[in-house]
Amino acid sequence: ADADGAFRAGVDLRQNAAAARPHFAAAAAAFDARWQAGDRDPAAALNRSRAHLLADDLPGAVRSALDGLAVAPADAELQRALAACRARVAHPTPADPTHRTRPDPPAGLRSRVSPADLFAAAVVASL
C-alpha cells in the first residue's frame, strides 16, 4: 500500500516535477521490493516501470519492463511501455565528416577489385 500511496502522492504533485520525482522514486523502490518478494505479474512490472520512468530513472524503467516481459512476453501494455522507454533513449548523432579522426579509405582500384582478381588479370595480360 505504501508504493501505491507514494505513487499517488507523486501524481498529486504532477504540476511540479521536481517535487513529484522523490515520491515516484520511493514508489519505484517499494514496487522493486514487492517484485523481489515474489509479486511478479504484468501489472506489478508495469507499475514498476512507470514509477521508475516518472522518477527519471530510464534504465530502471527499461529493466522493469523487460522483467515483466520475461514473465508475460505477449503483454501489450508492457510492450508499449518498453517502446516508450526506448524512444526516450538518446542516440548519438552521426559524426560530421570534418570531425572524424580517421580519413576515409582511399577509393582506388584496390577497393573495387580483390587482390586475387588483380593477380588473375596480370597473369592473363602477360600471356
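The numbers here are math on the coordinates, done by the rules we state, and not lab data. Quick caveat: nothing in here was measured; it's all calculated off a predicted structure. A quick note on method: Cβ atoms are made from the backbone with ideal geometry, for glycine too, and the neighbour counts reach across all protein chains shown.
Data table
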read-out	value
Filter result (part of a helix (DSSP H, G or I), surrounded by fewer than 17 Cβ atoms within 10 Å (Cβ to Cβ) and of a type outside the set (S, T, N, Q)) within region 69-94	A70, V71, A76, E77, R80, A83, A84, R86, A87
Sole residue being among the hydrophobic types (A, V, I, L, M, F, W, C), crowded, with 21+ Cβ neighbours inside 10 Å and closer than 22 Å to H91 by Cα, chosen from L66, L53	L53
